[in-house]
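Encoded as structure tokens, the structure appears first; notes follow it.
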Amino acid sequence: MPPCVWAAGRGSAVERLAGLNLATTVVTVVLLLTAQGFDRSSFADLGLVLAVLGPAGTLVFARFLGGRSIEAPDTRRTHGKA
């Protein structure tokens, strides 16, 4: 898990996205294995919810925190210049 946190905390946007995806996968697997090992359904519920919300978190990260694309048009105002 420390490499996931390191990648998600530092580096380029692509490295942060990879760290987020890997951390989500690792935590999901750990929760599901813990649920199976201790026979606790609440851990399985948490793992399944995380498995569903993980891709949504990736999309939110890519949309709002990932930066602008090179092909994106420049929408900044020119302050009266045409």
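The values are calculated or read from the model by the stated rules, or taken from the named source; none is laboratory data. Bear in mind that the values here come from a model prediction, so they are computed numbers and not experimental data. Don't worry about glycine lacking a Cβ; one is built from the backbone with ideal geometry, like all the others, and counts go over all protein chains shown. Just the protein is used for accessible areas: all its heavy atoms, side chains included, with ligands, DNA and RNA removed. Shrake-Rupley method; radii C 1.70, N 1.55, O 1.52, S 1.80 Å.
Consider VAL26 carefully, then state whether it is surrounded by fewer than 12 Cβ atoms within 10 Å (Cβ to Cβ), assigned to a helix (DSSP H, G or I), of a type outside the set (Lys, Arg) and at pLDDT 80 or above. No. Considering only segment 42-66, how many residues are at pLDDT 85 or above and surrounded by 12 or more Cβ atoms within 10 Å (Cβ to Cβ)? Looking only at that region, the number is 11. Scanning segment 29-41 for residues that are of a type in the set (S, T, N, Q) and open to solvent by less than 50 Å² (accessible area, probe 1.4 Å) returns a single hit, THR34. I'm trying to understand the selection: among the residues of segment 5-23, which are among the aliphatic types (A, V, I, L, M) and open to solvent by less than 80 Å² (accessible area, probe 1.4 Å)? Of everything in segment 5-23, those that are among the aliphatic types (A, V, I, L, M) and open to solvent by less than 80 Å² (accessible area, probe 1.4 Å) turn out to be ALA7, ALA8, ALA13, LEU17, ALA18, LEU20, ALA23.
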